[in-house]
1. Of VAL65, VAL82, which residue is buried (at least 21 other Cβ atoms within 10 Å of the Cβ), under 12 Å from VAL27 (Cβ atoms) and free of Cβ contacts under 8 Å to residues at least 60 places away in the same chain?
2. Return only the number of the condition from (1) at pLDDT 95 or above; (2) over 11 Å from the mean Cα position of the chain (by Cα); (3) assigned to a loop (DSSP other than H, G, I, E, B); (4) not aromatic (Phe, Trp, Tyr) that VAL85 does not satisfy.
3. Going through the stretch 37-82 one residue at a time, which ones are acidic (Asp, Glu), more than 11 Å from the chain's Cα centre (by Cα) and modelled with pLDDT of 95 or more?
4. So, ASP36, is that one assigned to a helix (DSSP H, G or I) and surrounded by fewer than 18 Cβ atoms within 10 Å (Cβ to Cβ) or not?
Amino acid sequence: MSYHVEGTCSSPFTGQCPGKLIWPELVGRKGKEAKDVIEKERPSTDVIYVPQDAIITNDYCCNRVRIFVDAKPNGDYANAKVIVVPRVG
């Protein structure tokens, strides 16, 4: 599985995103476990795996959570360890 180039933000930041915004409890867990938790708690959110050395955009989007994992591009993101606190953006 590879990570994908992010598409259009359907919910750009306009001051405050509703709902839960960060998941510090998911650091150290497997990527798939983290993704399942986030999708359950924010069902309309696009949850994206990002390998540790990837270059990302600086835009902030209320309907996106990036899960940074300890894996190389085209690695096994679902089983890789979450290395940064997942957060909306």
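The values are calculated or read from the model by the stated rules, or taken from the named source; none is laboratory data. Just so it is clear, the structure is predicted and the values come from calculations on it, not from any experiment. All Cβ positions, even for glycine, are placed from backbone atoms using ideal geometry, and neighbour counts span all protein chains on display.
1. On the way: VAL65 fails: under 12 Å from VAL27 (Cβ atoms).
Result of the check over VAL65, VAL82: VAL82.
2. In the conditions (1) at pLDDT 95 or above; (2) over 11 Å from the mean Cα position of the chain (by Cα); (3) assigned to a loop (DSSP other than H, G, I, E, B); (4) not aromatic (Phe, Trp, Tyr), VAL85 misses (2) alone.
3. Applying the first criterion (acidic (Asp, Glu)) to the stretch 37-82 yields 39, 41, 46, 53, 59, 70, 76.
If we keep only those that are more than 11 Å from the chain's Cα centre (by Cα) as well, we get 41, 53, 59, 70, 76.
If the condition is that a residue be acidic (Asp, Glu), more than 11 Å from the chain's Cα centre (by Cα) and modelled with pLDDT of 95 or more, then GLU41, ASP70 are the ones that fit.
4. Details: assigned to a helix (DSSP H, G or I): yes; surrounded by fewer than 18 Cβ atoms within 10 Å (Cβ to Cβ): yes.
Taking the combined requirement at face value, the residue satisfies it.
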